[in-house]
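To start, the structure under review is shown below, and the notes come after it.
The values are calculated or read from the model by the stated rules, or taken from the named source; none is laboratory data. Everything numeric in this text was worked out from a predicted model, so none of it was measured. FYI the Cβ positions are ideal-geometry reconstructions off the backbone, even for glycines, and counts take in every protein chain you see. The protein model used for the area step is the full one, side chains on, heavy atoms only, and it has no ligands, DNA or RNA in it. Shrake-Rupley method; radii C 1.70, N 1.55, O 1.52, S 1.80 Å.
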Amino acid sequence: GGNLAAIRINLQNLRFRTKQDELKATSLLQLVDQTSQNVRRAAHNLVPPLFGNIPLTDILQSYFSLLNSPDILFHFCSNKYQSCFDPRQELILYRIIMELTSNIIRHAKASAATVQLLYYPDYLEIIVEDDGVGLPAAAGRVQGIGLSGVRSRVRSLGGKLHVDSGISGTTFIINIPVIPQHAATC
């Protein structure tokens, strides 16, 4: 972030010999600004502001309300989610949802997606579904790092992941058990 700010300042202070040079610099300034926004967004997605101070469902509701665009409509819903996970575990849950959402945006060619957090006394169920093109056929394909990370995170929480994908979309169903020592605080 600091380096991008320095690049921006130096670009603004350049003296231009031609109008074409000035147009190139303006284009570069726009690219620096866009990159700065992307870096800021990525940093916030790693650990969003106020994480741990407000409920996970509120963070997700805010994220999905800002994410909607003419290209893809996201729906987020949750039943009466109760925090039965410590902050580290909730951050893992958040990252699972962010990765699946990012994959929908980048790869699914979907027009709509739904993310649900359903709390049950013994487990949390996360359902992420889209109406996109589905996952590529698994034959001979190496799983991407994003889905590998999702599988690894789900395993780290003792959970199970089921994927159903076809030409009319993809559904991820994740069940994360409520660990007994945490259940007492629910």
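Top to bottom by accessible area (1.4 Å), largest first, where do I173, I167 land?
Accessible-area ranking of I173, I167, largest first: I167, I173.
Could you tell me what % of all Cα pairs in the range 1-108 have separations over 16 Å?
So the portion of pairs separated by more than 16 Å is 69 percent.
List, in order, the whole-Hz ³J(HN,Hα) value for each residue of the range 101-116 obtained from phi through the Karplus relation with A = 6.51, B = -1.76, C = 1.60 and θ = phi - 60°; use x for Gly and Pro.
For the range 101-116, the Karplus-derived couplings read 5, 4, 5, 4, 4, 7, 10, 6, 6, 8, 9, 8, 8, 10, 10, 10 Hz, x marking Gly and Pro.
What is the magnitude of the charge dipole of the chain about its Cα centre, with +1 placed on the Cβ of each Lys and Arg, -1 on the Cβ of each Asp and Glu, and no other charges, expressed in debye to the nearest 20?
Computed about the Cα centre, the dipole is about 760 debye.
Amide H neighbours of L73 under 5 Å, counting only residues 5+ apart in sequence or on other chains, H built in-plane at 1.01 Å?
Under 5 Å from the amide H of L73: A112, A113.
Rounded to the nearest 0.05, what FRET efficiency do S65 and D122 give with R0 = 30 Å and r taken as the Cβ-Cβ distance? Could you check?
About 0.50, to the nearest 0.05.
How much length, in nm to one decimal, is gained on full extension between R106 and D33, taken as 0.36 nm per residue of separation minus their Cα-Cα distance?
24.2 nm
Considering only protein heavy atoms, what per residue accessible area in square angstrom results for the chain with a 1.4 angstrom probe?
That works out to 62 Å² for each residue.
Would you be so kind as to identify which of N3, A112, S69 lies farthest towards the positive end of the dipole of the chain, taking Lys and Arg as +1 and Asp and Glu as -1 on Cβ and the Cα centre as origin?
N3
Hey, any idea what % of the chain's accessible area is carbon plus sulfur with a 1.4 Å probe?
Roughly 55 percent of what the probe reaches on the chain is carbon or sulfur.
Return the loop-located trypsin sites (Lys or Arg not before Pro) in the range 22-126 (DSSP other than H, G, I, E, B) with at most 15 other Cβ atoms within 10 Å of their own Cβ; answer none if there are none.
K80, K109
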